[in-house]
Structures are given as structure tokens and as C-alpha cells.
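Take a look at the structure below.
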Amino acid sequence: METRSPREDGQPSPARVRPGGPAPLLLQTVHEHRPGLGGISVLKTRGTVDASNARLFSEALAEHVAHSGQAGEHPLLDLSEAYLACADAVRSLDRATGALAHTGRALSVVQPRPHVREALTSAGLPGIRVHATLASALDALTSREPARDRAGGPAYEPARPEPGDPGW
């Protein structure tokens, strides 16, 4: 899977700044198999999540989490090229991960931009666990003993930021 780092010239990526308005929301799911971990499913998000598309984002994310559970994959959300433009965007994450939080599990959210990380940390959403990199999210999943939820699926630890992640 390809991961992107911030631009070398220090300019925001086109996903954040676009002449004429916010970047359109693009969602792509990537499935992989990792030795020692099993299947992972990464929902890559690019563009701006705002009031006009927060519901679509929430529904797509909820579907991603549900499908990953049915397929026995670890769900992840890549926000490296996403911009959360309003409170509706943060609430959309809470709606999509609320069921996970009620069962004591959390969705790994990887590579959020600084403003997104701050918004998620401030919101204290119980259904997410923030990681600075995809590698640190995968390491956290690999290092955990594979606990099981009531339905027999993999259980995820409650959400909390990973301040020890490189670049945090």
C-alpha cells in the first residue's frame, strides 16, 4: 500500500486547498493481507468532509467497518489527505464508530493532519484510536493479543491517542 508524506516544499496538499472551494470527497477501500496480522481493510479518504457530505462519509465509514467485521479484517481509516471542515465532519466519525465504542472497540485512524488530530483529540471520540502513521497502527494491532468480542470477532481497545508514535 502506498503512503504519502507531507509535501517537501511545505505547501498543503491539493486535498486541503483548492482554488474555487473545497476538494471533493473521494473514498477508496484497499484490502491487504499482512503476515502475523491477517486481513486489513483501509478506507482512504481524500478531500474535504463538510456539512454537504458528512452524512455520505459517515455512511461509507459505517459500511466499511461493518464489512471489515464480516470479512474478519482489521478496519483502518486513512485521513492523511482529508480535511475536516466543520463539526459535522467530526460528528460523522462519531456516528460511524459509535457501535464500536459501545462494545469497547475502536477504529484505528491513521495519519491525520495536525488540525484533524487536534479536533479528534479534543472531541474525545471513544470509537477511534489515533495513530501518527500506518506502521504504528499496524504495530499496535500486531502487538495486541487477539481478544474476541461477543460475536467472536476481533476486539479493539478503547480509543486513545498514541503520543509515542514517531512524528506525533
Quiz item: Among the residues of segment 144-153, is any more than 19 Å from residue 44 (Cβ to Cβ), open to solvent by 50 Å² or more (accessible area, probe 1.4 Å) and modelled with pLDDT of 90 or more?
Solution: no
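Residue-by-condition table, conditions (1) touching a helix residue (DSSP H, G or I) at 6+ places or on another chain (Cβ under 8 Å); (2) outside any loop (DSSP other than H, G, I, E, B); (3) surrounded by fewer than 20 Cβ atoms within 10 Å (Cβ to Cβ):
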site: 39; (1), (2), (3): yes, yes, yes
site: 56; (1), (2), (3): no, yes, yes
site: 62; (1), (2), (3): yes, yes, yes
site: 67; (1), (2), (3): no, yes, yes
site: 78; (1), (2), (3): yes, yes, no
site: 92; (1), (2), (3): yes, yes, no
Practice problem: Please identify the pairs in which a residue from segment 37-58 that is farther than 15 Å from residue 137 by Cβ has its Cβ atom under 9 Å from the Cβ atom of a residue that is among the aromatic types (Phe, Trp, Tyr) and open to solvent by less than 20 Å² (accessible area, probe 1.4 Å), counting only partners at least 6 apart or on another chain. | Solution: 49/57
Exercise. List the number of the failed condition for residue 97; all other conditions in (1) crowded, with 21+ Cβ neighbours inside 10 Å; (2) out of contact with any strand residue (DSSP E or B) (no Cβ under 7 Å at 6 or more places or on another chain) hold.
Key: (2)
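The values are calculated or read from the model by the stated rules, or taken from the named source; none is laboratory data. As the structure is a prediction and not an experimental result, all values here were calculated from the model. Because the Cβ atoms are built from the backbone with ideal geometry, glycine has one as well, and the counts that use them run over all protein chains shown. To get the accessible areas, we keep the full protein, side chains included, count just its heavy atoms, and leave off ligands, DNA and RNA. Shrake-Rupley method; radii C 1.70, N 1.55, O 1.52, S 1.80 Å.
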